[in-house]
Structure formats: C-alpha cells, structure tokens
Amino acid sequence: MTDIVRLGVVGAGSISVRGILPHLSMDDVQDRVRLTAVCDPAPGRAQAAGVRFNIPNAYETYEELLASGTCDAITIASPIGLHYEQGKAAIDAGLHVHFNKTMTTTVDEADDLIERAQKKGVKLVSCPGQMLRPMFQRYRELIHEGALGHLTWAVTGAAFGNYHENERVRGGDDPLSNINPAWYFRRPGGGPLYDMTVYGMHALTGILGPVKRVTAMSGVRIHEREFRGEMLPTDMDDNTFMVLDFGDNLYAVAYGAAAGGIPGAWSPTFFGTKGVLRDGKLNEEAIDYPGRDLEEQYKNMNASLPHVVGPHREVEEAHVYEDIMQLVDWIREGKPTISTAEHARHVIEIFDAAYRAAASGQAQTLRTTF
Ligand SMILES: NC(=O)c1ccc[n+]([C@@H]2O[C@H](COP(=O)([O-])OP(=O)(O)OC[C@H]3O[C@@H](n4cnc5c(N)ncnc54)[C@H](O)[C@@H]3O)[C@@H](O)[C@H]2O)c1
C-alpha cells in the first residue's frame, strides 16, 4: 500500500472548477489523495484555484508543475489537442496519468502513450469509465443472456448544442468564471466526438466488444458560434455520422452532431428480435441493477458509481471523480481498473478512422482491440 497519492491538476478550467477540485478537496478523500499542485496558463487562474481549493503549489506553466517534484500523478484537464504531448511528458517524468476524456486524437499517439507507460511502469486511466456504471454492466449481461433475442443494431450519439458556451463558469469576470470554450470548435481535439460521443462509444463497445470497420460522413455545419458577443470560428468537424460494423452483420449508428439529437442517446439503445433495451428499460419495463434506487433517490446516474458515496453524490461531475479514484486505488492498492487505456485507444481509433473514412470515402478496417 502506497501512502497518500500527491495529485497535480493540469488546467483549471470548467471540469476542474466544477468537478475535480470540489470533489478532491473534500475531507473524506484526504487519507488517499491530496491536491498538491495546479497549473494553467490563463493569467491568475491557477493561483485563484490554489486559493479557493487550498492547493499549496500553483504554476502558470505545465513545465514548472512537472519539474516541481510535488506530484506522484496528474489529472490532465486541458484542451484535448494538448493531451498527447502533456501525457507523454508526464509519463517520461515517471508520473501516473488520468486523462479527462480522450487521451489522444489519433490511434498512433495512443499506441505511443501505452507503450511508454509500460516501459516506465506508470499507470494510465482515461475517462469516461462508462462500464463502471451498474446499468451498463446489466445491459451487457442481458444481451449476452439473449434477452433481446438476435441483436440486430444499436444507436448512440451526442450533440454540442450550446452546452459548452453556457456552462456556469464561462459567463463571469474573474479567472475561475471567465473560461473561454473556443478550443471545443478548433483543431486538433475539438468537435463533439472526442468530448461527447465518447461516452456512448465507451458504453457501446464495453457492451458489444470491439468494432471491426467504420465508415462515416463528417464536416463543419455551424461555421461560427457566438460567445459573449465574440464570434468563435469552427474549423473542426462538428457534424459527424458513423456506421460501425461489429462483424457478422451486426451494425451500430453513432453520431456527434452540431445540435439536436435523439433523446437519451448518450446511453446506447440496442435492438433485437425480442425487442429493445434503452433508458434502463427492457421493452419499456425497468430493469434491476445494484444502485438503481440511489440513482432515483438523487436523480443522478452518478450516484451508483462505486466511489460516489455520501456528499459526492450531490457534487457535479462525480463520474470524473470516480475515474480519478480508479487511478488512486490502482496506485495505492495495485488494484487495476476496468477503465483501461486500451479501451480508450479503441474508441479513439473509431473516431480517428471515422474522420479518415469521411475524407477518403472508404470504410476503414480497425486494428486495435481491448
Ligand atoms: N466541461 C465539461 O463538461 C467536461 C466534463 C468532463 C470532462 N471534460 C474534459 O475536460 C477537459 C477540459 O475541458 P474543460 O471544459 O474544463 O475545458 P476549459 O476550456 O473550460 O478549460 C481548459 C483549461 O485548460 C487551460 N489550458 C490551456 N492550455 C493549457 C496548458 N498548456 N497547460 C495547462 N492548462 C492549459 C485553459 O486556460 C483552461 O483554463 C477536456 O478534455 C474535456 O473533454 C469536460
């Protein structure tokens, strides 16, 4: 058993201010993990986060945080286009890494991080750990037990809408509330797939297993977006529609749309010869799984996650806290997580392949599994 894990937070933007820092500064986790450092290049933001959340070291650059020797592990909460280089530098410095959602934008980069981490003996966890949810574990059992008869197809997806422009930490005047979301619409790392569709894709593949082939159409639908009177240009595809082949003519449709979507589609729907599994219901009848009562009591799907106990059930973005605690347990107790970097790499390959398929007009055969 290692002692308390010293955790650095890279980027003090929306997910850090609303989720990571509130959860990890609560009393009940101090025996396992301690916030020791934060960095952010926006003037005054890291310092302000340090003061609000009682973090002893605040830096304007990532390089200073890495060189400080104050961390055993980091959680990367910067824009997705930076994750690969930042992850690589942390692994090379011997730190364990948690990535807030997608860890790289290409499968080759994901290969590189996994290989480096193995050589260095450090651990990687990449959000979102959707298969930690008891509902998706039960979906998998039901499908494998034949509750849907012959499975025929599935659908999942998510849409940008104006979600990121309207988050409550973007409309204020101080460094912790005036956070600009422009990167969500820019290359590399922007677009709804890496940030939003990634939830449904982790669940879909966690339940059905790896995808074999992908084809897609993709492009920019909304060329600029207004944010606080400024026009933010979109140069990354914001409207991507995919068809996935799981083999033996089992298909799924998946999307990351600029706006609008199928209600509840962040959680996949499965269709078969005996009916439909969606929204926690088999043929419109609620299915049973551990923690369903807690989800209903707190009106929050995160309430059934293993580390989301007591006051964590009422704090935003508890699933991110769950994924960080998966890494903490792994470091302290040697207890590996089911939220593996290999699963994350497969999801990244699906998105990477979808963009290649859309650009070339050719279906892409995938090479990774998990
Ligand atoms: N916003 C959400 O709802 C949400 C939820 C879960 C996960 N995430 C994920 O968390 C990550 C961050 O998203 P966000 O919404 O907090 O973004 P954000 O734009 O609100 O914040 C990003 C922060 O990173 C900082 N930053 C920029 N360059 C940096 C660098 N070189 N080093 C360190 N920090 C740097 C920015 O100044 C900003 O403060 C993304 O991967 C996103 O997909 C976001």
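Yes or no, residue by residue, for (1) part of a helix (DSSP H, G or I); (2) of a type in the set (S, T, N, Q); (3) at pLDDT below 95:
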site	(1), (2), (3)
141	yes, no, no
144	yes, no, no
147	no, no, no
158	no, no, no
161	no, no, no
164	no, no, no
167	no, no, no
178	no, yes, no
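Within the range 170-196, residues that are of a type in the set (Val, Ile, Thr) reach partners that are within 10 Å of the ligand (Cβ to nearest atom) with beta carbons closer than 6 Å, at six or more positions or on different chains, in the pairs 179/13; 179/14; 179/169; 179/170. Of the residues making up the range 152-164, at least one is surrounded by 19 or more Cβ atoms within 10 Å (Cβ to Cβ) and more than 20 Å from the chain's Cα centre (by Cα).
For the range 300-317, a residue qualifies if it is surrounded by fewer than 17 Cβ atoms within 10 Å (Cβ to Cβ) and over 18 Å from residue 18 (Cβ atoms), and the qualifying residues are 306, 309, 310. When 118, 30, 47 are screened for being in contact with a strand residue (DSSP E or B) (Cβ under 9 Å, 6 or more places away or on another chain), surrounded by fewer than 24 Cβ atoms within 10 Å (Cβ to Cβ) and of a type outside the set (Lys, Arg), only 47 passes.
Pairs are defined by a Cβ separation below 6 Å, a sequence spacing of at least 6 or placement on different chains, a first member in the range 31-49 that is over 7 Å from residue 60 (Cα atoms) and more than 8 Å from the ligand (Cβ to nearest atom), and a second member that is of a type in the set (Gly, Ala, Ser) and assigned to a helix (DSSP H, G or I); the pairs so defined are 38/46; 38/49; 38/50. So, in the range 165-186, of the ones that are out of contact with any strand residue (DSSP E or B) (no Cβ under 9 Å at 6 or more places or on another chain) and over 20 Å from residue 52 (Cα atoms), which residue ends up farthest from the ligand (Cβ to nearest atom)? Out of the qualifying residues, it is 166. The set of residues in the range 337-361 that are without any contact (Cβ under 8 Å) to a residue 12 or more places away in the chain and either among the charged types (D, E, K, R) or not assigned by TED's automatic domain parsing to the domain that holds residue 238 (or both) contains only 356.
None of 264, 206, 200, 190 is of a type outside the set (Lys, Arg) and either more than 23 Å from residue 302 (Cα to Cα) or in a strand (DSSP E or B) (or both) except 190.
Yes or no, residue by residue, for (1) of a type in the set (A, V, I, L, M, F, W, C); (2) surrounded by fewer than 16 Cβ atoms within 10 Å (Cβ to Cβ):
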| site | (1), (2) |
| --- | --- |
| 40 | no, no |
| 53 | yes, no |
| 67 | yes, yes |
| 77 | yes, no |
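Among the residues of the range 245-254, not a single one is modelled with pLDDT under 95 and out of contact with any Lys or Arg (no Cβ under 9 Å at 6 or more places or on another chain). Here 362, 297 are screened, and the one residue that is in a loop (DSSP other than H, G, I, E, B) and more than 21 Å from the chain's Cα centre (by Cα) is 362.
One residue stands out among those in the range 1-30 that are more than 12 Å from the ligand (Cβ to nearest atom) and assigned to a loop (DSSP other than H, G, I, E, B): the one that is modelled with the lowest pLDDT, which is 1. Across the range 119-133, a minimum of one residue is classified as modelled with pLDDT under 95, within 16 Å of the ligand (Cβ to nearest atom) and of a type outside the set (Ser, Thr, Tyr).
Could you tell me whether residue 74 is closer than 19 Å to residue 318 by Cα, in a strand (DSSP E or B), in the same structural domain as residue 124 (by TED's automatic domain parsing) and within 11 Å of the ligand (Cβ to nearest atom)? Answer is yes for this residue.
The values are calculated or read from the model by the stated rules, or taken from the named source; none is laboratory data. Not measured: the values here are computed from a predicted model. Methodologically, a virtual Cβ is constructed for each residue, glycine included, from the backbone with ideal geometry; neighbour enumeration extends over all protein chains shown.
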